[in-house]
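Notes follow once the structure below has been shown.
The values are calculated or read from the model by the stated rules, or taken from the named source; none is laboratory data. Predicted, not measured: the structure shown is a model, and the values here were computed from it. Quick reminder, even Gly has a Cβ in these numbers, built from the backbone with ideal geometry, and neighbours come from all protein chains shown. These area figures cover heavy atoms from the full protein model, side chains too; ligands, DNA and RNA do not enter into them. Shrake-Rupley method; radii C 1.70, N 1.55, O 1.52, S 1.80 Å.
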Amino acid sequence: MSTASAPGHGTSEPGLSVIMRERRQLINLAYRLLGSLADAEDVVQETYARWYAMPADQRESIGSPGGWLTRVAGRICLDLLGSARVRRERYVGEWIPEPLPERSEWISGRPGGTSADPADRVTLDESVSMAFLVVLESMTPAERVAFILHDVFRYPFSDVAEIVGRTPAACRQLATSARRRIHIHASSQAPAPSTARQADIVKAFKQAWEAKDIDALVGLLDPEATAIADGGGLASAALHPITGGERIARAWVEIADRVPDLTHLERTVNGQPGLVAQEDGVTVTVYAFDIKGDRIMHIWAVRNPEKLRLFTGS
């Protein structure tokens, strides 16, 4: 693997600080592969457990600990992606990736609610936008791993092949196929506006929603827009996507009528402007948006409380 680590103190075996410096890279990789920070943290924990389960002399013989850790984490993710498809067939309603707050807003889900070092979390860029992660969900596990490792993390195909268990040429084809999926998705829509413009549109959506202004909401939504909610069977949510700007506008006004005490906060969600809905100070929904041109194309409403821990501290 390309990632190298220096030797540790006292012996030729890498020290704890050297090994733990790989944590950020591993979390970044696993979240993009799995769409779940909770699962990503489990993968990293299992990866380190396997490292320290090896005899000391075996660890000492590994020239690139970072590369070893990445290979193991990648293989664990590949296995999980295969089983995730089976699990999601039993999932109640639609499945949406776990949303992430802006780096300065990280709240640890660990006991005591202590703040987590952002360096140990996920670097937010376009490769963790909700729209990007949703496209990744359409890929096969092997495509997703090959694409993320090569195109996002810049690992050579010779290294990717060790994780996927295929030849470098086959991995190149997997990445090409994944790239084609992303290109088809991008070319079918208008360009995304600037982040500032997206923030203005999300703010206008919030204001129209709070005013229960259906006409204003319809004007902000693409006629073919879709809204998808994820309650996971643990919170009320539509079991199927809502399609059409007018239908979405009416559904959102119904929410305002049904839960009049909701507070809507403008927040960063997966690196882009989004909304957080709170009831009595408790986060109950996180909204991510996909905006093309001057219209909202997609709304993802995450209501599953197990996916909101970073926004609630619980």
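Each residue was assigned an accessible area with a 1.4 Å probe, and for Tyr287 the value is about 10 Å². The protection proxy used here, the mean number of other Cβ atoms lying within 10 Å of each residue, ranks peptides 190-199, 145-154 as follows, highest first: 145-154, 190-199. If you sort Ser127, Ser61 by accessible surface, 1.4 Å probe, largest first, the order is Ser61, Ser127. Taking the longest Cα principal axis of the chain as reference, the axis of helix 245-258 is set at about 80 degrees.
Taking all protein chains as they are arranged and a probe of 1.4 Å, the heavy atoms of Leu174 leave approximately 20 Å² accessible to solvent.
Put simply, the Cα atoms of the stretch 211-314 extend 37, 30, 25 Å along their principal axes, the longest span coming first. Using only Cα atoms, tell me the angle between helix 37-53 and the longest principal axis of the chain; keep it within 0 to 90° and round to the nearest 10. Between the helix axis and the principal axis of the chain, the angle is about 10 degrees. Quick check of the Kirkwood formula: for the chain, what is the inverse mean of 1/r over all pairs of different Cα atoms, in Å? Hydrodynamic radius (Kirkwood, Cα only) of the chain equals 20.8 Å. Computed with a 1.4 Å probe over protein heavy atoms only, the accessible surface of the chain comes to 45 Å² per residue.
Accessible surface of His298, taken over heavy atoms with a 1.4 Å probe and every protein chain present, rounds to 40 Å².
Using just the helices of the chain, give the 222 nm mean residue ellipticity in deg cm²/dmol: DSSP H runs with n ≥ 4 each add -39,500 (n - 2.57), and the total is spread over all residues, rounded to 500. Could you put the intermediate results ahead of the total?
Working: 13 runs with 147 residues, N = 314.
Taken over the chain, the calculation gives -14500 deg cm²/dmol.
Kirkwood hydrodynamic radius, computed over distinct alpha-carbon pairs, for the stretch 157-283: how many Å, to one decimal?
Details: mean 1/r = 0.0567 Å⁻¹.
That comes to 17.6 Å for the stretch 157-283.
If you take the Cα centroid of the stretch 212-242 and the Cα centroid of the stretch 126-152, the two points sit 24 Å apart.
Quantify, in whole percent, the carbon and sulfur part of the accessible surface of the chain (1.4 Å probe; protein heavy atoms only). It would help to have the intermediate numbers written out before the result.
Values: 7340 of 14260 Å².
That fraction is 51 percent.
Counting only residues at least eight positions apart within a chain, or on another chain, the lysines with an alpha carbon under 23 Å from that of Lys212 are Lys203.
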